[in-house]
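Trainee: Please see the structure below; I have some questions.
The values are calculated or read from the model by the stated rules, or taken from the named source; none is laboratory data. Please read these numbers as outputs of a predicted model, since none were measured by experiment. Don't worry about glycine lacking a Cβ; one is built from the backbone with ideal geometry, like all the others, and counts go over all protein chains shown. Side chains are part of the model used for accessible areas, which takes the heavy atoms of the whole protein and leaves out ligands, DNA and RNA. Shrake-Rupley method; radii C 1.70, N 1.55, O 1.52, S 1.80 Å.
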Amino acid sequence: MKLTKKQITFAKKEDVKKVFDKIHVTPEEFQEELALSDFLYSLEKELDKRHMTKYALAKKSGLKPQVVARVFNNENAEISTLSKMAHGAGGKLELNFVFGKN
């Protein structure tokens, strides 16, 4: 779906800052949470496609089921853990580094 210019609303920089201040999160922390959330969403779709449980993913990834459960509960995860999970589901984890201001 593509939005028209009429449907798009731009927020003022000050308003965005107020929102982040209100929820006590920096924009950088939000980006990290968003990246983890996107990864988990994609991983869950792949698991559904393969008719694979999170327990099976843990075993195939060489991880404890508790570790996989903790990651899916949106707790912090190390990159090596995410990489193992991606590999266990038949994929790979790719990282991009962006330098400078966005």
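Trainee: Do you know which residues across the range 53-74 are part of a helix (DSSP H, G or I) and either open to solvent by 100 Å² or more (accessible area, probe 1.4 Å) or in contact with a Cys (Cβ under 7 Å, 6 or more places away or on another chain) (or both)? Steps first, answer last, please.
Mentor: Filtering the range 53-74 down to residues part of a helix (DSSP H, G or I) leaves 54-61, 65-72.
Residues satisfying the conditions are Tyr55, Lys59, Lys60, Gln66, Arg70.
Trainee: Moving on to the next point. Just to be sure before I move on: is Lys84 among the charged types (D, E, K, R), part of a helix (DSSP H, G or I), open to solvent by 100 Å² or more (accessible area, probe 1.4 Å) and farther than 17 Å from Ser37 by Cβ in the structure I sent?
Mentor: Judged against the criteria, Lys84 is not a match.
Trainee: Please state which one of Lys22, Lys18, Lys92 is touching a helix residue (DSSP H, G or I) at 6+ places or on another chain (Cβ under 9 Å) and open to solvent by 50 Å² or more (accessible area, probe 1.4 Å).
Mentor: Lys92
Trainee: Does Gln31 qualify as being open to solvent by 70 Å² or more (accessible area, probe 1.4 Å), within 30 Å of Val16 (Cβ to Cβ) and either assigned to a helix (DSSP H, G or I) or modelled with pLDDT of 95 or more (or both)?
Mentor: yes
Trainee: Here is a further query. What number of residues within the range 79-102 are over 15 Å from Glu44 (Cα atoms) and at pLDDT 90 or above? Spell out how you get there, then give the answer.
Mentor: Applying the first criterion (over 15 Å from Glu44 (Cα atoms)) to the range 79-102 yields 79-81, 94-102.
Retained after the next criterion (residues that are at pLDDT 90 or above): 79-81.
Count: 3.
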